[in-house]
Amino acid sequence: MTETGIGAAVRRTEDQRFLTGNGNYTDDINVFGQTYAAFVRSPHAHAKINGINSTAAAAADGVVAILTGEELAADGVGPLICGWNIAGKNGVEAHNSPVHHALAMGKVNYVGDHVALVVAETQAQADSAAEMVEVDYEELPAVIGTGKALNHATTIHEEAPGNMCYDWEIGDASATDAAFANAAHTTTIEIVNNRVIPNAMEPRACLAQFNKGTGDWTLHVTSQNPHVHRLVMSAFNGVAPEHKLRVIAPDVGGGFGSKIFIYAEEVVCTWATRKVGRPIKWTAKRSESFLCDAHGRDHVSKAELALDADGKFLGLRVNTKANLGSYLSTFASAVPTYMYATLLAGTYTTPAIYCDVQGVFTNTAPVDAYRGAGRPEATYLLERVVETAAREMNIDPADLRRRNYIQPDAFPYQTPVVHQYDIGDYGASLDKACDMADVGGFAARRADSESRGKRRGLGYSSYIEACGIAPSAAVGALGGGVGLWESADIRFNATGSVTVMTGTHNHGQGHETAFAQVISEKLGVPIENIEIVEGDTDKGPFGMGTYGSRSIAVGGSAIVKAADKIVEKGKKIAAHCLEAAEDDIEFAGGNFTVAGTDKVMNIAEVAFTAYVPHNYPEGVEPGLHEQAFYDPLNFSFPAGVHICEVEIDPTTGETEIVNYTAVDDFGTIINPMIVEGQVHGGIGQGVGQAMLEGANYDENGQLVTGSYMDYTMPRADNLPNFNVGTTSTPSPLNPLGVKGAGEAGAIASPPAVINAITDACGGAMIDMPATQEKVWQACQAAE
Amino acid sequence: MPTVSMTVNGKAVSADVESRTLLVHYIRDHIGLTGTHVGCDTSQCGACVVHVNGKSVKSCSTLAVQAEGADVTTIEGLASGEELHPMQAAFKENHGLQCGFCTPGMVMSAVDLANNMKNLDEATIREQLDGNICRCTGYHNIVKSIKDGAERMGG
């Protein structure tokens with residue numbers, strides 16, 4: 001390992017600009033002649049619009065334009081789309097897909113829904129004028145509550161009878177029924193996965209410009225995937241042809257899924273900038289982020305686990321109602337289906353699994369992928385039912401898991417629910433986690449807590465997830481509308497420095513550093529001579545962005561593939577210059593060497609020769625610039641064990657996490673410092689969901705947790721330090737052996753926390769978030 | 001519109017702004033220093049923290065006119081040329097930032113904390129950091145950074 005190569009804890013290149021206030025976020029960018037946007041938003045969850053009167057608003061100071069859905073439609077701008085079709089039970093080929101107008105057409109379907117755009121000279125003028133727009137609403141009853149939406153007296157969309165988007169199933173129902181018929185014990189739980197709001201610290205923003213001279217648009221936008229924004233906005237919304245639309249996602253202040261999606265604001269502003277002839281900037285206020293960013297999770301489920309007398313899992317049956325919100329967001333349909341139920345085997349050999357999911361519409365913000373996206377929901381359900389079964393059968397919960405693990409010699413392992421796991425050693429992670437968490441000393445610690453009038457609990461979570469989504473053909477076969485390859489473009493400059501362009505996007509993950517480490521390792525170039533360029537459709541070749549922990553597994557593989565091509569071409573040039581046969585050239589540490597001699601040429605010299613090809617091999621093109629596209633062979637499958645230990649004061653319900661241990665198998669790790677940081681952050685969000693966070697709508701559809709005064713974000717004093725370790729079974733299916741590390745913490749932690757709290761409370765069921773009041777109630781019941 | 005003048009990062013600045021202009025918008029939109037961020041609209045997140053006359057202030061809950069004549073330091077004014085302030089250096093060394101958006105406010109709060117309290121322990125740092133929200137790091141490395149930074153500052 002070199003000091004800057006794969007496996008080194010290199011300090012981050014990008015930190016210098018962030019630490020000195022020189023980051024370049026969308027709202028930091030201003031252009032000459034810029035105007036400001038404000039959206040008129042629905043104050044009602046469900047209402048007809050009988051008319052919009054903007055006469056007074058249009059006459060207000062500084063107002064440039066007020067535009068509505070009628071004008072948007074008249075210009076042929078298409079509705080917002082969902083890019084994943086879910087076929088249903090009984091041969092239903094397509095899910096119900098209500099039209100989602102970027103600006104409302106006669107009806108609004110959630111609080112915050114977009115009614116009109118106001119463009120003005122200043123932000124204050126735009127905000128004031130937006131309040132002056134008079135909208136004649138006729139209120140309709142709101143459909144609220146994940147479990148109450150189906151066949152509600154009110155139907156939100158004509159296209160979705162009974163408020164059903166789809167009724168979908170996976171697995172073998174009859175084999176699962178047979179497993180239950182033979183079971184010695186059955187554990188049943190009813191469980192809620194609480195709705196959360198992503199809350200990246202940078203609010204969403206966009207700056208749209210149209211150049212009359214060239215007929216080109218430039219859109220700066222807070223996006224995790226600028227090429228996907230360009231593709232959808234041209235192919236489906238039709239606001240600009242793909243080759244005339246440049247999408248730039250500059251520094252982006254966190255995403256967690258919420259900045260994948262193509263939202264109304266950027267579509268409307270890109271359309272409107274040409275119409276008004278001025279650049280338009282929109283920046284969300286935090287209250288708008290709460291109302292209109294896609295929310296996450298929101299499942300109501302019943303899970304049944306069948307076990308034999310020894311605790312071997314025989315079958316798992318699950319029904320889930322998944323709240324999709326008022327409209328389908330960009331990838332919403334896939335999250336509670338293919339991103340969720342395909343993970344229900346977990347790390348276990350359960351031979352028969354059946355799950356059906358009803359996706360439902362409600363008068364709430366759209367729900368889509370949030371850190372983990374379906375996998376946290378699967379892990380939470382599975383690890384809660386497994387822990388409950390251990391309690392009911394009086395089997396040690398670690399032991400019960402160990403009895404059911406897929407063994408290291410069983411890979412590749414085909415689960416009953418689509419996935420074929422490539423590699424893993426779940427027992428190794430469990431052993432290490434138990435050791436690090438000192439599970440052996442827990443009984444003594446519990447006795448000590450009890451002697452002080454406290455309660456103590458220990459909770460496990462043995463998770464697996466599917467990252468690096470996914471072979472394009474598989475995505476297509478399951479209804480996905482895109483390919484999920486990634487690209488890389490490696491350009492040596494004549495002076496020996498390297499520019500690497502790739503289609504993933506860095507919004508906190510440290511790509512500028514980790515990808516440079518891969519290049520430094522593979523090509524022997526000093527890290528300070530490597531520039532990683534992302535986030536601009538005019539620079540990178542093409543790409544699908546960053547989500548689902550895909551950047552290193554898919555994007556990193558594309559980089560390796562392009563680097564291999566560089567070496568291949570470099571060998572031809574070096575062979576010519578060193579007067580040797582190409583087969584005799586070896587490459588290592590940045591040097592091309594004639595095998596068995598001291599004849600050597602550095603890759604920087606090769607690059608110079610490629611651009612100044614005076615003495616050059618015949619038939620070889622000048623230049624040292626290679627591109628690769630990589631389509632993954634499979635998902636990757638990070639897995640691990642998290643153990644949470646809590647101490648509770650039963651007189652107040654105050655819960656303290658006294659130890660949190662995470663052992664994760666991410667395969668090869670490029671930068672352990674960055675990976676640890678990703679795990680910390682994921683656990684922080686997972687603990688937030690488990691103990692603090694919850695998006696609540698009242699019965700009228702008003703979001704009552706719409707600010708940081710009401711929605712409990714984890715703060716420094718809500719979280720402990722984390723005890724983090726790893727095991728490693730490198731993936732055999734990608735060239736780096738990597739798996740992806742961005743979401744594991746958020747996937748693994750909620751069940752670990754709740755299993756610990758319920759253990760402390762004598763096994764009572766507690767739904768997330770386990771607030772102080774709920775924990776106090778559970779303690780009272782236990783005592 | 002009143003003319004509001006102050007010293008920002010050692011430089012005299014002046015701008016004609018509406019009376020209702022917040023200090024954060026004065027700094028970002030009129031002085032052009034965009035390192036100070038706006039992350040919320042309820043004075044909770046702390047992304048906008050700057051120092052006014054040496055004390056940390058949420059610039060989203062201060063009017064620009066209230067800072068008339070004040071000595072203001074923003075994140076851009078912390079380093080000496082290319083050399084990072086010890087707190088900035090500690091954040092880099094300890095991976096105390098990911099997306100970077102909360103970072104300016106976090107660092108400005110941390111410097112004020114280290115100036116005001118000596119021998120900072122973990123629990124104190126966590127408690128004192130209540131006014132700054134980070135969504136990326138789970139705070140683990142921020143707490144570590146602040147402890148290290150405070151020590152580097154001589155605390």
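Some notes on this structure:
- Within 10 Å of each Cβ in B:79-91, the average number of Cβ atoms from other chains: 2
- Net charge over other residues, Cβ less than 10 angstrom from the Cβ of A:Gln689 (K, R count +1; D, E count -1): +2
- Distance between the C-alpha centres of the range A:206-271 and the range A:58-104: 16 Å, rounded to the whole angstrom.
- In plain terms, the residue of A:Ser557, A:Ser636 with the fewest other Cβ atoms within 10 Å comes first and the most crowded comes last, giving A:Ser557, A:Ser636.
- Residue among A:Asn109, A:His152, A:Ala87 farthest towards the positive dipole end of the range A:59-183, charges placed on Cβ: A:Ala87
- Going from the residue with the fewest nearby Cβ atoms within 10 Å to the one with the most, A:Asp298, A:Asp649 rank A:Asp649, A:Asp298.
- C-alpha center-to-center spacing [the range A:543-598, the range A:672-741] in angstrom: 37
- With a 10 Å cut-off around each Cβ of A:545-551, the average count of Cβ atoms from other chains is 0.
- Listing A:Ser54, A:Ser497 from fewest to most neighbouring C-beta atoms within 10 Å gives A:Ser497, A:Ser54.
- Listed peptides A:729-736, A:748-755, A:548-555 by packing density, highest first (mean Cβ within 10 Å): A:748-755, A:548-555, A:729-736
- Within the shell of other residues whose beta carbon sits under 11 angstrom from the beta carbon of A:Thr349, the net charge comes to +2, with Lys and Arg scored +1 and Asp and Glu -1.
- Kyte-Doolittle mean at least -0.5 and Cα axial length at least 20 Å: DSSP H helices in chain A: A:375-393, A:556-577, A:672-687, A:744-760
- Over chain A: helical MRE at 222 nm, DSSP H runs n ≥ 4 each giving -39500 (n - 2.57), nearest 500: -8000 deg cm²/dmol
- Whole-angstrom gap from the range B:135-155 to the range A:117-176, using each part's C-alpha centre: 43
- A cut-off under 12 angstrom between Cβ atoms defines the neighbours of A:Asn30, and their net charge, with Lys, Arg +1 and Asp, Glu -1, is -1.
- Prolate/oblate/rounded label for the protein assembly as shown (Cα gyration tensor, a/c 1.5): rounded
- Per-residue average of Cβ from other chains inside 10 Å of A:710-718: 6
Throughout, read-outs are computed from the coordinates displayed, never taken from laboratory work. Here the structure is a predicted model, which means the values were calculated and not measured. Quick reminder, even Gly has a Cβ in these numbers, built from the backbone with ideal geometry, and neighbours come from all protein chains shown.
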